[in-house]
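A quick write-up on the structure given underneath.
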Amino acid sequence: MLAVTRRCLAAAALPALAAAQATIFVPTMHPTIQGAILAAANGDKVVVLPGTYVERIDFLGKAITVQSASGATVTTIDGNSGGPTVTFATNEPPAAQLVGFTITNGLGTTVVGPMARSTAGGIQCADASPTIRGCVITGNHGGAGGLPAGGFFAGTGGPGGILASGSALRLIDCVIHDNTGGLGGPGTAGTPLAGRGGPGGAYFSFTVPGSAPEILRCTFTDNDGGDGGDAPGVAQASGGRGGDGGFELHATIPVRLTQCTIRGNTGGDGGTVTGTGGLGGHGAFDLSAPIAFAIVPIQMGSCAVVGNTGGNAGGGSNAFGGNGGGATGASRFTALGCTFAGNVTGAPQVTGSGTGGLMGGGYQISTFALTNCVLWGNTRLGAPSDLYVSGIVGQVNHSDLGTTNGTILGTGNLSIDPLFVNLPGGDVHLTAASPCRHAGTAAANMPLFDVDGDPRTVGPATDMGADEWDGLTGSREDLVLDLAVNGAFAPGVVASPAVAGNLITLRVLSPGGAFASDFTVVLMEPWLPPVQPVGPGAFPELHVPLGAPWLLTLPGGVGAAGVTLSAVWPQGLAGFALRFQAVAISPAARNTLFAATAARDLLL
């Protein structure tokens with residue numbers, strides 16, 4: 001039998017390199033990443049070997065791929081506080097790709113002028129639409145807001161992690177962690193909304209007509225919004241507002257956020273304002289159209305918004321703390337299979353000002369709809385506060401709702417403890433006894449997978465919330481291994497018992513087609529209960545040893561229809577167990593090397 005090794009996994013990913021017109025290695029062919037970019041032409045690939053590269057890079061408008069050889073954990077670009085660490089500012093297309101780096105120690109620059117927003121610390125993407133995949137953006141600081149010269153948002157601080165303005169950015173499998181938004185600048189009379197702090201994680205402005213921006217399987221954690229600036233004379237209530245902790249998103253085109261986690265972020269505090277203003281920033285996010293009457297659909301699917309804290313109010317009358325979770329503002333907002341839990345408002349709060357969980361509406365042309373969601377355990381000044389729908393009627397169906405304010409219509413809703421694994425610890429997976437299991441409904445555009453990458457609708461109906469309970473460990477991405485005994489697939493159990501004469505069937509499929517053409521193997525590891533097999537520490541996705549034999553090889557990959565293997569279990573073989581796991585070799589996987597299903601156990 002052949003055996004899986006690190007060498008063969010890496011070698012199987014190498015054919016992707018050959019597809020480029022030329023491959024330039026750093027530091028063997030060029031000592032710096034920027035030097036390799038200068039030498040590259042459209043279609044080329046720059047492959048960066050492990051190490052820390054103290055430099056700032058600019059793609060210079062080139063449709064090239066800059067990719068680490070071994071992933072973000074061992075390959076770092078350090079901006080040395082000299083400006084944004086990575087820049088896309090020359091109309092880069094989606095074919096311009098940044099893959100598999102840690103981006104750190106960037107410091108945004110201050111921008112002065114009308115409508116001026118200072119730059120990001122980590123990645124500055126202005127009027128460009130690249131693809132960023134498998135990156136960790138951490139330890140960056142947005143530029144402080146400059147002196148305003150009139151106009152909305154003048155003197156706004158830059159985001160800590162990413163700025164994508166006038167963009168159709170595709171952000172996939174990225175971690176945006178521990179970044180800080182820039183401080184808001186001072187305001188002057190006639191500059192409403194000025195002096196806002198920058199978002200901690202990201203600022204997105206998606207405005208490219210006909211494009212399809214995407215935020216997929218990304219994590220925004222422990223980011224801090226910048227505090228608002230001192231804004232005397234500002235008449236608008238949002239002058240000197242603190243930056244959002246997670247991200248701020250404005251769009252004139254439809255946007256989807258899928259399988260994302262927004263956790264532990266903190267909004268910035270409001271600044272000192274004479275008159276009204278000084279609001280605290282939202283802990284998780286602010287979603288809306290940049291112009292209230294240009295309302296567009298924004299959809300969240302299989303996302304978890306957990307343990308975020310709104311910023312506190314600053315000076316001025318009628319100032320109040322930010323929402324703990326987020327606000328949907330001027331948008332046609334839809335959430336499908338999402339969880340909003342354990343979020344906390346900033347202080348103080350005034351009547352009708354906000355909520356610990358999710359705030360929808362605020363504009364009469366807004367729409368707000370939730371299906372198969374859980375909103376629980378959010379607080380407003382210590383009291384339960386999960387959903388606030390303002391100025392409109394919200395549509396909520398087959399969701400578990402705690403404390404609500406405003407008017408909602410819908411059917412199939414619960415108001416009962418969802419029995420999370422550990423809400424105080426931030427673990428909002430469902431337990432086996434959760435009333436949210438099988439309590440959802442079929443819904444258009446429901447994601448195929450939950451927040452962990454596990455398949456949706458395991459059992460008679462979809463679960464409520466971001467997690468689809470199935471009792472199995474592991475992340476499937478778009479790769480699924482099913483095990484059936486006598487024709488009955490049982491994805492809701494950890495192990496399947498079988499005896500001699502039973503028909504054993506394995507089915508491997510890629511429901512979304514992501515790995516339809518990638519080399520795939522099915523691994524099989526015998527074991528004696530109760531001592532289960534242990535995967536290698538270097539590859540936590542694997543739940544079998546590296547030396548597990550290859551039961552089945554599928555060089556052409558698997559698609560939505562899948563591949564099935566069946567056999568009748570013979571007499572005389574009992575008293576042990578088999579663990580199966582499928583692996584697809586693909587640079588499109590989260591770790592840029594391979595995707596793995598959760599393990600399935602057969603007890604004999």
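The values are calculated or read from the model by the stated rules, or taken from the named source; none is laboratory data. Computed from a prediction, not measured in an experiment: that's the story for all the values here. Every residue, glycine as well, gets a Cβ built from its backbone with ideal geometry; the counts of neighbours run over all protein chains shown. Ligands, DNA and RNA are stripped out before the accessible areas are found, and what is left, the full protein with its side chains, is counted by its heavy atoms. Shrake-Rupley method; radii C 1.70, N 1.55, O 1.52, S 1.80 Å.
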Cα gyration tensor shape for region 29-75, rounded if a/c is under 1.5, else prolate or oblate:
prolate
How large is ³J(HN,Hα) for each residue in region 431-437, as worked out from phi by the Karplus curve 6.51 cos²θ - 1.76 cosθ + 1.60 (θ = phi - 60°), to whole Hz, x for Gly and Pro?
7, 4, 8, 4, x, 7, 5
Please turn the phi angles of region 465-471 into ³J(HN,Hα) values with the Karplus equation 6.51 cos²θ - 1.76 cosθ + 1.60 (θ = phi - 60°), one per residue in order, whole Hz, x for glycine and proline.
x, 6, 9, 9, 6, 9, x
Cα-based Rg / Dmax (Å) for region 537-576:
14.7, 38
For Leu107, Leu171, give the ranking by accessible area with the largest first, probe 1.4 Å.
Leu107, Leu171
Counting only heavy atoms of protein chains, what accessible area per residue, in Å², does region 511-584 have with a probe of 1.4 Å?
47 Å²
Residues whose built amide H sits under 5 Å from the amide H of Thr32, excluding neighbours closer than 5 in sequence, are none
Can you list residues whose amide H is under 5 Å from Asn223's amide H, if they're 5+ apart or on another chain and H is modeled 1.01 Å from N?
Asp178, Asn179, Asn265, Thr266
Using a 1.4 Å probe, how large is the accessible area of Ser415, given in Å² and rounded to the nearest 10?
90 Å²
Which length gain, in nm to one decimal place, applies between Thr252 and Asp127 when the Cα-Cα distance is subtracted from 0.36 nm times their residue separation?
43.6 nm
For Met524, Met464, write out the residues from largest to smallest accessible area, computed with a 1.4 angstrom probe and no ligands counted.
Met524, Met464
Carbon and sulfur together cover what percent of the accessible area of region 549-601 at a 1.4 Å probe radius?
65 percent
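Sorted by accessible area (1.4 Å probe), largest first, how do Ser302, Ser165, Ser566 line up?
Listed by decreasing accessible area, they come as Ser566, Ser165, Ser302.
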Per-bin percent of Cα-Cα distances, region 346-450 [5 Å]
2, 12, 20, 22, 21, 14, 7, 2, 0
Ala369 neighbourhood, Cβ < 15 Å, K/R = +1, D/E = -1, net charge +2
Region 298-378, accessible area per residue, ligands and nucleic acids excluded (1.4 Å, Å²):
23 Å²
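With r as the distance between the Cβ atoms of Ala432 and Ala383 and R0 = 30 Å, compute the FRET efficiency 1/(1 + (r/R0)^6) and round to 0.05.
0.50
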Thinking of the chain as a set of Cα atoms, what percent of all their pairs are more than 39 Å apart?
31 percent
According to a simple spin-label model (label point 7 Å from Cα along Cα-to-Cβ), what is the distance in nm between Ala444 and Gln21?
4.3 nm
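Could you give the accessible area per residue of region 405-507, probe 1.4 Å, as a whole number in Å²?
Details: 4270 Å² over 103 residues.
Accessible area per residue, region 405-507: 41 Å².
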Area of His141 that stays accessible when all protein chains are in place (1.4 Å probe, Å², to 10)
70 Å²
5 Å is the cut-off here: which amide hydrogens, built 1.01 Å from N in the peptide plane, fall below it relative to Ile137, excluding neighbours closer than 5 in sequence?
Ile103, Val175, Ile176, His177
What are the extents of the Cα atoms of region 563-604 along their three principal axes, listed from largest to smallest and rounded to whole Å?
42, 20, 10
Mind checking the dipole of region 389-486: about its Cα centre, +1 per Lys or Arg Cβ, -1 per Asp or Glu Cβ, Debye to the nearest 20?
360 debye
Quick one: accessible surface of Met29, probe radius 1.4 Å, all protein chains present, in square angstrom to the nearest 10.
110 Å²
Rounded Å value of the spacing that divides the Cα centres of region 549-577 and region 81-100
44 Å
Set the Förster radius R0 to 41 Å, insert the Cβ-Cβ distance between Leu49 and Thr407 as r into 1/(1 + (r/R0)^6), and round the FRET efficiency to 0.05.
0.10
Apply the Karplus parameterisation 6.51 cos²θ - 1.76 cosθ + 1.60, with θ equal to phi minus 60°, to every residue of region 374-387 and state each ³J(HN,Hα) to the nearest whole Hz, in sequence, with x for glycine and proline.
10, 10, 7, x, 8, 9, 10, 6, x, 9, x, 6, 9, 9
quick note, region 317-405, DSSP beta bridge pairs, % antiparallel (nearest 5) is 10 percent
Share, in percent, of DSSP beta bridges within the chain that are antiparallel, nearest 5
25 percent
